[in-house]
Structure formats: C-alpha cells, structure tokens
Amino acid sequence: MKLQYLSTLALASILSLGMAAGCSNPCAAKTPPMGSTATEVTTDPCAGKANPCAAKADPCAGKANPCAAKADPCAGKANPCAAKSRSVGGPLAAELQGKPVLVDVFAEWCSACKNIAPTLAELEQDYQGQVHFVVLDMTNNATVAEAEAKAEQLGLSQFLAETKAQTGTLTIIDPATGNILEQHRNNPDKSAYTTILDSALAQN
C-alpha cells in the first residue's frame, strides 16, 4: 500500500514537471541542445511588420493653413479717414475766388478764440488784401442765424454745419475747389498758417 502511494506521488511529480516545461518560455525551447554545433537563429518578432505609426500620415499634411486662406480684412480697403474728403462741399462763392480763404469760427465766450486772437490779428495784418478773412460768429442765437445766412451765401453751409460746435477753429480753404488746406483748433502757432497761406499764394 505504501509502495503504491509513493508510486502515485512520483507519477504526479513527473507530470507536474512536464506541464512546467510546456509552459516555459517558447524561445527557450528553440535553444539548441548543449554541445550542438547548430547556430541559433533568433528572428526579430517585429521584422517584416510595418511600423503602425508610420502608416498614419500627418493629419495636417496636405491641408492648407486655414488662416492663410483668409485675406487680410483690411487689404484693399481705403483708410476710412482718407475716404472722407477734406472739403466744404464744393467751390466757394464768386466773391471769394482768386485768394485763399481763412474762416474763423468764433464766439465771444470761447476761451480758445481768445487764445488765438493775437495770432489771427497778425495774420490779418500780414495778409491784408491777399487773403479773404471770414468770421462765422456763434456767440448767441442771433449771431448764429446771421452766420448761417452768411455761410449759405458764401458756399460754406456744409462747413458751418460741421464746425459750428468747434469754436476757436481756423480753417484755410481753396476757394476754387472747396478743399480744406489746413485746419487747427486753439492753435496760436502763426507758422502753422503762414506756411500754407504762402504756398497757396505762390500757386495763384
């Protein structure tokens, strides 16, 4: 009986070893037996297989830059400020032709007007008989009404409508075209006006 038990144990051990050998590293089974002259050839399991990442093309390749396709929104558009013609709306009245016109938008209560008054007085003296000086008085309702009538007569209605709230403004206008040559508000620098006036007179 004892002998039969030991035989059973031995058989179980042999079977266990056989199963362990079957579950061992498959690469180890390929190792040549000891003393063999055969050369072991180990094949790279990845050889012949393409790189799965290499097969995937760059998702951005071939696609144009979405921003490059969009043109500059400002390209081809003129400067909105440049588009506004610096003009009073057309040629001035016949009585103002032949000489540059300097328009003074004035009010007695205007501090800017008082600041530029000495400069304006010097310009009137220096360019007497060479430049037309026009005053549009915004002091009160009565003077505004007179200024509006005067502006309409001289071709300055559009100009007055745009500048009546900007007292202390001196504007030099080419009477032939109605173009504004220079415009300053509360600027007592005499040279800012003389340079333009001299240039306009030289062209007449």
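Tell me, please, whether a residue that is in a helix (DSSP H, G or I) and under 18 Å from Cys110 (Cα atoms) can be found in the range 163-172.
For the range 163-172, residues in a helix (DSSP H, G or I) and under 18 Å from Cys110 (Cα atoms): present.
For the structure I just gave you, tell me whether Leu160 is open to solvent by less than 60 Å² (accessible area, probe 1.4 Å), among the hydrophobic types (A, V, I, L, M, F, W, C) and part of a helix (DSSP H, G or I).
So Leu160 fits the description; yes.
Quick one: count up the residues across the range 173-204 that are without any contact (Cβ under 8 Å) to a residue 24 or more places away in the chain and either part of a loop (DSSP other than H, G, I, E, B) or hydrophobic (A, V, I, L, M, F, W, C) (or both).
Result for the range 173-204: 2.
The values are calculated or read from the model by the stated rules, or taken from the named source; none is laboratory data. Everything numeric here is computed off the predicted structure, so don't read it as measured data. Reconstructed Cβ throughout: ideal geometry from the backbone, glycine too, with neighbour counts over all protein chains shown. To get the accessible areas, we keep the full protein, side chains included, count just its heavy atoms, and leave off ligands, DNA and RNA. Shrake-Rupley method; radii C 1.70, N 1.55, O 1.52, S 1.80 Å.
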